[in-house]
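Right, one structure below, let's go through it.
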Amino acid sequence: MTETLPTVDVSPFATGAPPSPEQDAVAAEIDRICREIGFFLIAGHGVDPAVKESMFTAMHDFFARPVEEKEKIAIGRSENHRGYVGIAAEKSDEEGAADLKESLDTGGEHGPDHPEVQAGVPTFGPNQWPDDPAFRAAWEAYRTQAIEAAQRVQRAMARALGQHDEFLLDRPGGEVMYHLRLLHYPPQETVQPGPDQLGCGAHTDYGTVTLLADDGVGGLQVMTRDGTWISVGIPADLLVVNIGDLMAIWTNDRWVSNPHRVVNPPRTDRYSIPLFVTPPFHAEIACLDSCLEAGAEPKYDAQEAGPYLMSRLNATHTYRNPLLAEAGSF
Ligand SMILES: O=C(O)CCC(=O)C(=O)O
Ligand SMILES: [Fe+2]
């Protein structure tokens, strides 16, 4: 069954907007939705449709290249988790089969003088670029606008949680991390899924929030709090926002980090672009007082954001974990 997720207009939280009653209404609406399902659609995100379209065009061109060319920028050549991940080189569901998707992982572009690079923080450093000048221009334009959209959402969420508006954007422990992932799911006929094999196995996201654009082909499925899988369609002018594990820890599960997965479409390719937002590498994530009901205990141990992220990447990527590859079905 395809469901329509609720839509929230986040434009009142545009960078520089003065405080307004509309903002309070947006924050209250997000709180109401995320208590039930940690997935919703956003309008008023500020991403120009032409900028999004150019990003999809550039990624189509990249994924259409021969695999040997894509492997020249393989993620295993990067010391900071950026580059190409081939088909079946990741297990989003550690217990399940390998993912039938390929990706190009990108993050902030950090030179050798960046303090976090100097400090050897493993999520900071240079990207590996496709050999295509148009790619980088399209990427820069899209990433800038997607980050602005994610910041609108983070301000609204901070307000909803009774914190000051910049709470999620300005944490001790470094810079908020924005990891832009370009994903390609080939058609079922091409990849021939094994039994229970998916484009992206069931998983929860690891960070604070994820902002997702897709090409309208469909295939994303979300598990609701009561354990039912629903298929989610994404209207062309909207983006999806979903809650990740660190936000569930911060809110003591007031907001849900839903398992979700992707099925390879029949007879057509699917392309999607998640922007993963993770708190600063050294930020301590512990249950917020505003989310702890009287007499209740925190459900989760506090986590340091970066090491939590790395533990999840180590558990799911073959290039980080040779044992995972040996475990079979890769
Ligand atoms: O491709 C999608 O729609 C979702 C991908 C996803 O869930 C992920 O990369 O974490
Ligand atoms: Fe995900």
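The values are calculated or read from the model by the stated rules, or taken from the named source; none is laboratory data. Since the structure is predicted, the reported quantities are computational estimates derived from the model, not experimental observations. Cβ placement follows ideal geometry from the backbone for every residue including glycine, while neighbour counts extend to all protein chains displayed. In case anyone asks, the SASA skips ligands and DNA or RNA and just uses the protein heavy atoms, side chains included. Shrake-Rupley method; radii C 1.70, N 1.55, O 1.52, S 1.80 Å.
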*Residue check for residue 177: in contact with a Ser or Thr (Cβ under 6 Å, 6 or more places away or on another chain), modelled with pLDDT of 95 or more and open to solvent by less than 40 Å² (accessible area, probe 1.4 Å)*: yes
*Of all residues in the stretch 200-258, which are among the hydrophobic types (A, V, I, L, M, F, W, C), more than 24 Å from residue 89 (Cα to Cα) and more than 16 Å from ligand 2 (Cβ to nearest atom)?*
236, 238, 249, 250
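Let's see how each residue does on (1) within 19 Å of the chain's Cα centre (by Cα); (2) among the acidic types (Asp, Glu); (3) over 27 Å from residue 244 (Cα atoms):
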site: 20; (1), (2), (3): no, no, yes
site: 29; (1), (2), (3): no, yes, no
site: 55; (1), (2), (3): yes, no, no
site: 65; (1), (2), (3): no, no, yes
site: 84; (1), (2), (3): yes, no, no
site: 91; (1), (2), (3): yes, no, no
_Considering only residues that are more than 10 Å from ligand 1 (Cβ to nearest atom) and in contact (Cβ under 8 Å) with a residue 12 or more places away in the chain, which ones fall in the stretch 183-194?_
186, 187, 188, 189, 191, 193, 194
*Within the bounds of the stretch 203-214, is there any residue that is farther than 19 Å from residue 153 by Cβ and assigned to a loop (DSSP other than H, G, I, E, B)?*
no
*Restrict the check to the stretch 24-36 and report whether at least one residue is within 15 Å of ligand 1 (Cβ to nearest atom), open to solvent by less than 10 Å² (accessible area, probe 1.4 Å), out of contact with any helix residue (DSSP H, G or I) (no Cβ under 9 Å at 6 or more places or on another chain) and touching a residue at least 12 places away in the same chain (Cβ under 8 Å).*
no
*Select, from 198, 211, 239, the only residue that is open to solvent by 10 Å² or more (accessible area, probe 1.4 Å) and either more than 28 Å from residue 53 (Cβ to Cβ) or modelled with pLDDT of 95 or more (or both).*
198
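Residue-by-condition table, conditions (1) touching a residue at least 60 places away in the same chain (Cβ under 8 Å); (2) open to solvent by 40 Å² or more (accessible area, probe 1.4 Å); (3) among the basic types (Lys, Arg); (4) away from ligand 1 (no atom under 12 Å from the Cβ):
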| site | (1), (2), (3), (4) |
| --- | --- |
| 226 | no, yes, no, yes |
| 229 | no, yes, no, yes |
| 234 | yes, no, no, no |
| 270 | yes, no, yes, no |
| 282 | yes, yes, no, yes |
*Scan the stretch 37-49 for residues that are exposed (fewer than 14 other Cβ atoms within 10 Å of the Cβ) and assigned to a loop (DSSP other than H, G, I, E, B) and report the count.*
1
_Would you confirm, using the coordinates I've provided, whether residue 190 is under 30 Å from residue 64 (Cβ atoms), open to solvent by 40 Å² or more (accessible area, probe 1.4 Å), assigned to a helix (DSSP H, G or I) and touching a helix residue (DSSP H, G or I) at 6+ places or on another chain (Cβ under 9 Å)?_
no
*Inspect all residues belonging to the stretch 100-108 and state whether any of them is assigned to a loop (DSSP other than H, G, I, E, B), of a type outside the set (Gly, Ala, Ser) and within 15 Å of ligand 1 (Cβ to nearest atom).*
yes
*Give me the pairs, please: first residue somewhere in the stretch 87-115 and open to solvent by less than 10 Å² (accessible area, probe 1.4 Å) and hydroxyl-bearing (Ser, Thr, Tyr), second residue anywhere and part of a loop (DSSP other than H, G, I, E, B) and within 14 Å of ligand 2 (Cβ to nearest atom), beta-carbon distance under 6 Å, and either six or more positions apart or on two chains.*
92/99
*Read through the list (1) polar (S, T, N, Q); (2) under 23 Å from residue 59 (Cβ atoms); (3) open to solvent by less than 40 Å² (accessible area, probe 1.4 Å); (4) part of a helix (DSSP H, G or I), then give the number of the only condition that residue 144 fails.*
(3)
_Residues satisfying the stated conditions in the stretch 284-317, i.e. open to solvent by less than 50 Å² (accessible area, probe 1.4 Å) and at pLDDT below 95_ = 296
